[in-house]
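Engineer: Please see the structure below; I have some questions.
Laboratory data are not the source of any read-out in this text; all were calculated from the coordinates shown. It should be emphasised that the depicted structure is a prediction, and the values quoted were computed from it without experimental measurement. Every residue, glycine among them, receives a Cβ derived from its backbone with ideal geometry; neighbour counts consider all protein chains shown.
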């Protein structure tokens with residue numbers, strides 16, 4: 001019985017961790033809207049970092065202080081943007097609109113507004 005309970009707790013953790021810390025007014029974007037908004041574009045964050053989403057699936061993030069991380073991105077049907085970096089690290093983020101703002105949300109609840 002305790003293994004069943006542990007199993008149920010472990011199954012519930014990913015769902016709980018994926019609430020994305022949504023706020024009032026946040027609207028998730030569907031795959032088509034994100035594809036239009038990101039693919040072939042670059043976005044700049046308020047820390048001056050720049051993400052580039054190439055049309056062939058290549059991704060790069062250039063840090064304000066120098067240095068660039070490279071990878072491959074995919075926009076999933078549920079609107080998640082997942083990146084597999086060349087260093088072996090992977091992450092998935094959710095992009096939302098809130099009023100006029102475009103914001104990246106991380107799985108651990110961080111919010112990164114994007115410059116207009």
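Engineer: How large is the translational diffusion coefficient of the range 16-60 in µm² per second when you combine the Kirkwood radius over alpha carbon pairs with Stokes-Einstein at 20 °C and 1.002 mPa s? Present the calculation step by step, with values, prior to reporting the outcome.
Structural biologist: Numbers: Rh = 12.5 Å.
In µm²/s, the coefficient rounds to 172.
Engineer: Could you line up 100, 74 from fewest to most neighbouring Cβ atoms inside 10 Å? Provide the component values of the computation, followed by the final result.
Structural biologist: Working: 100 6, 74 13.
Final ranking by Cβ density, sparse to dense: 100, 74.
Engineer: Residues of the range 68-108 with the amide nitrogen closer than 17 Å to a label point 7 Å from the Cα of residue 39, along Cα-to-Cβ, please.
Structural biologist: 72-84, 95
Engineer: Based only on Cα atoms, what Rg/Rh ratio does the range 41-94 have, Rh being taken as Kirkwood's radius?
Structural biologist: A ratio of 0.96.
Engineer: Once the mean 1/r over all distinct Cα pairs of the range 22-111 is inverted, what Kirkwood radius in angstroms do you read off? Before the final figure, lay out the partial values.
Structural biologist: Working: mean 1/r = 0.0742 Å⁻¹.
Mean inverse Cα-Cα distance, inverted, gives 13.5 Å.
Engineer: For a Förster distance of 25 Å, can you work out the FRET efficiency between the beta-carbons of residue 56 and residue 106, rounded to the nearest 0.05?
Structural biologist: Given R0 = 25 Å and the Cβ-Cβ separation, E is 0.50.
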